[in-house]
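Each remark here refers to the structure printed beneath this line.
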Amino acid sequence: MKIFDRYAPFIQDYIYQNGWESLRAVQSAAADVIFHTDENLLLTASTASGKTEAAFFPILTLFTEDMPTSVGAIYIGPLKALINDQFSRLNELCVEADIPVWHWHGDVSQSHKNKLLKHPSGILQITPESLEAMLLHKHSAISRLFGDLRFIVIDEVHSLMRGDRGGQTLCLMERLTRMAGVNPRRIGLSATIGDPEEAGMFLSAGTGRQTLIPKIESKGIKWRLSMEHFYIQGVQASDDKKVEHALPVLETRTDIAPEAADPGIGYIFEHTLGKKCLIFVNSREECEAVTTTLRQYCEAKQEPDRFLIHHGNLSEAYRETAEEVMKDEEQFQTTVTTATLELGIDIGRLERAFQIDAPFTVSSFLQRMGRTGRRDLPPEMWFVMREELPEARALLPTTIPWKLLQGIALVQCYLEERWVEPPRMDRFPYSLLYHQTMSTLASCGEMTPAQLASRVLTLCYFQHISQEDFRLLLRHLLKIDHLQRTEAGGLIIGLAGERIINSYKFYAVFQENEEYTVRCGSQELGTIVKPPPAGEKIAIAGHVWLVNEVDHKRHLVYCDPVKGKVPAYFGEVAGDIHTKILERMRQVLQEEKSYPYLMKNAAARLILARHTAANSGLTHRSLIHLGGNMWCLFPWLGTYAFLALERFLKLRCAARLGLRGLDSSRPYFIQFIMKVSEREFWQVIADELRKPIDPMELVYKGEVPIFDKYDEYLPEELVKKGFAYGILAIDEMQARMLALCEKV
């Protein structure tokens, strides 16, 4: 009650109006830190636990007692949809206290933004990219806009901790506070933090404050979890008479799909009927394909279309339509989506989530599971694993159901250890260094190299970057005309650099493909990559369209709707899987335990996979003879350690082993032809591992491994160094392979 009494009267009224009988633990803990300390705060609590209100109740109370003379709090959200959702929620809360709430991103009207520029006040909700644009173009107004900034709230902070976007957010916060002459407290919100202490260090970087992380006791939540497996064609795994006796009594209907259709999609079609659901997929291409197929099922069964689609390449109109329909309590429709609906946006009373195949991370699984289970319902997720039926003469690696194993491993890592992927803070972010160098110089105007270095290299995210590396970067940028030297010896943006920073695409540091806007009449459908010529078909927005014209100059595609089905293409989707997951996948094959969430086909498929693994020796050996001179290595390493191993084998071991035809299915296995015996293989590996490995050795001759968005503008030396030292997990690879050598 002490915390409740401390809240401003309008907050107390809000709590009464919503019928809350008591404060939640997360709200009491947050208020205690915000009211009684001057430290940063990390709130880790389950999805829908009220973290946003927990942060803003005390912040708004403090504002009513002493109103800021500028924007008083910034809320940084990773997605426009999340900001739009929180905007309406915060507005409802703040209207009584007359505290303005502003939002600022690419879809917000200029008139709304102009009002903020004239009357900086209240709370600003913004994406990292829009904050970058603001620092770049409103440089002279920053001190007026944020001169009394007291809090920065970072929502879904875990989503910013494994790449350049998180580094950019840290840089932006430091740059803004320096320009405005303030040191606001930071508050991080997340439901899925693996290592809170490390996340707290990330949050506090450059502030001179510590991060307090209250331990919030949460009552146990029961999950409704199921995992089913389907062969895309042919008989199902549970039809195998050899495994029938070992199966749990969990029935799965497979007779509900149209004839010759994909039974996994048919299973989803049947179990979304009359319910409000989300179907998560791992790529935009699959999002389009699944939506198109489900709509064809509606047509075949003469039912009205009940499926929506949501991904990053769709137009704002399509995305917002799906969001609004899902919020409507009276409508029972299902949305097929990528990660765009994975984060905090509240879309009402969802009954269940489906996941097609396994996501790449435990964090992603937890976020997607957390979309359901609101309003006193238990969280509910149905995994649907699909694979082609292996041919009778298929080689061992292709007979293992990798996605099924991955799904089980993700679930078990969390259930058994509450393990979630840790942040990646050990990279050499040269791509981001280029971006922040250009942005700083463009916003501040002419600077000497020393002044520029003092502004950029002192940003905490660049602590591992040397002065020499920065000099190398500046010399290269002068050479390619991204920078230009003035007569007085200062640096300004060069002509080639102007073309880069004047594009709206400059604000984002994540990789983007060259996109074309797709239109049908006056309707904008979204964007695609590499459009086909006129007369071909494309898939977007869950429908198929005939291309009438491609305007390459203006990057426009004009089309008309047609019937049919066609693959979509939006660019590559990379999956970063942690070594811990691969190790748990191996354990799934080795152990005999059953998992209560496996349905009939999935349990049968796992029995077959364990039988295959045991008979082949895969459960106790990593190098398997496939016949003749063909071998397969199963290293059980995560994506970046696996990448290091591929290169180590090719560059350090291939000649001695007589290796040819290396064919990887990253990060599961590597097939190759080899002239030596198994014993000789491990002897050579051990010999080479005991010699020092210079990470730069593992960059192929003549290769410039462009990995991040702005790598193409860096000197080759820095691209190679960033890849070798920051991407390749060489130490992890060495340790694993030496351990395997010792077992032989």
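The values are calculated or read from the model by the stated rules, or taken from the named source; none is laboratory data. Note that the structure is a prediction, hence the values are computed from the model and not measured. Backbone-built Cβ (ideal geometry, glycine too); neighbour counts: all protein chains shown. Remember, those area values only see protein heavy atoms, side chains included, never the ligands or the DNA or RNA. Shrake-Rupley method; radii C 1.70, N 1.55, O 1.52, S 1.80 Å.
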Wholly enclosed helices (runs of 4 or more DSSP H) of segment 99-192 bearing at least 2 residues in contact with a Pro (Cβ under 9 Å, 6 or more places away or on another chain): 110-118, 142-146, 164-180
Members of segment 33-64 found to be charged (D, E, K, R) and at pLDDT below 95, listed by number: 51, 53
Residue in segment 442-450 that is under 30 Å from residue 315 (Cβ atoms) and out of contact with any Pro (no Cβ under 9 Å at 6 or more places or on another chain) present: yes
Single residue of 581, 577 found to be at pLDDT 90 or above, part of a loop (DSSP other than H, G, I, E, B) and under 23 Å from residue 640 (Cα atoms): 577
Residue match in segment 299-314 (condition: without any contact (Cβ under 8 Å) to a residue 12 or more places away in the chain, assigned to a loop (DSSP other than H, G, I, E, B), surrounded by fewer than 22 Cβ atoms within 10 Å (Cβ to Cβ) and among the polar types (S, T, N, Q)): yes
Breaking point among (1) of a type in the set (A, V, I, L, M, F, W, C); (2) open to solvent by 10 Å² or more (accessible area, probe 1.4 Å); (3) touching a strand residue (DSSP E or B) at 6+ places or on another chain (Cβ under 8 Å); (4) not in a loop (DSSP other than H, G, I, E, B), for residue 389: (4)
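Under the condition of being of a type in the set (A, V, I, L, M) and surrounded by 24 or more Cβ atoms within 10 Å (Cβ to Cβ), which residue from segment 173-192 is nearest to residue 152 (Cα to Cα)?
Residues of segment 173-192 that are of a type in the set (A, V, I, L, M), as a first pass: 173, 176, 179-180, 182, 187, 189, 191.
Cutting the leftovers down to surrounded by 24 or more Cβ atoms within 10 Å (Cβ to Cβ) gives us 173, 187, 189.
On the way: 173: 8, 187: 6, 189: 11 Å.
Among those that are of a type in the set (A, V, I, L, M) and surrounded by 24 or more Cβ atoms within 10 Å (Cβ to Cβ), it is 187.
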Selection from segment 629-676 of residues that are in contact (Cβ under 8 Å) with a residue 40 or more places away in the chain, more than 26 Å from residue 576 (Cβ to Cβ) and not charged (D, E, K, R): 629, 630, 631, 673, 674
Test: residue in segment 30-40 that is over 20 Å from residue 64 (Cβ atoms) and within 30 Å of the chain's Cα centre (by Cα): yes
Every pair of residues 6+ apart whose Cβ atoms lie under 6 Å, when the first sits in segment 169-188 and is of a type in the set (S, T, N, Q) while the second is modelled with pLDDT under 95 and assigned to a helix (DSSP H, G or I): 169/128; 169/160
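Applying the selection to segment 675-691, what residues are within 38 Å of the chain's Cα centre (by Cα) and crowded, with 16+ Cβ neighbours inside 10 Å?
We begin by selecting, within segment 675-691, every residue within 38 Å of the chain's Cα centre (by Cα); these are 681-682, 685-686, 688-691.
Across segment 675-691, the qualifying residues are 681, 682, 685, 688, 689.
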Filter result (open to solvent by 10 Å² or more (accessible area, probe 1.4 Å) and either in contact with a Pro (Cβ under 8 Å, 6 or more places away or on another chain) or over 20 Å from residue 176 (Cβ atoms) (or both)) within segment 454-468: 461, 464, 465, 466, 467, 468
Criterion violated by residue 85 - all others in (1) outside any helix (DSSP H, G or I); (2) under 20 Å from the mean Cα position of the chain (by Cα) satisfied: (1)
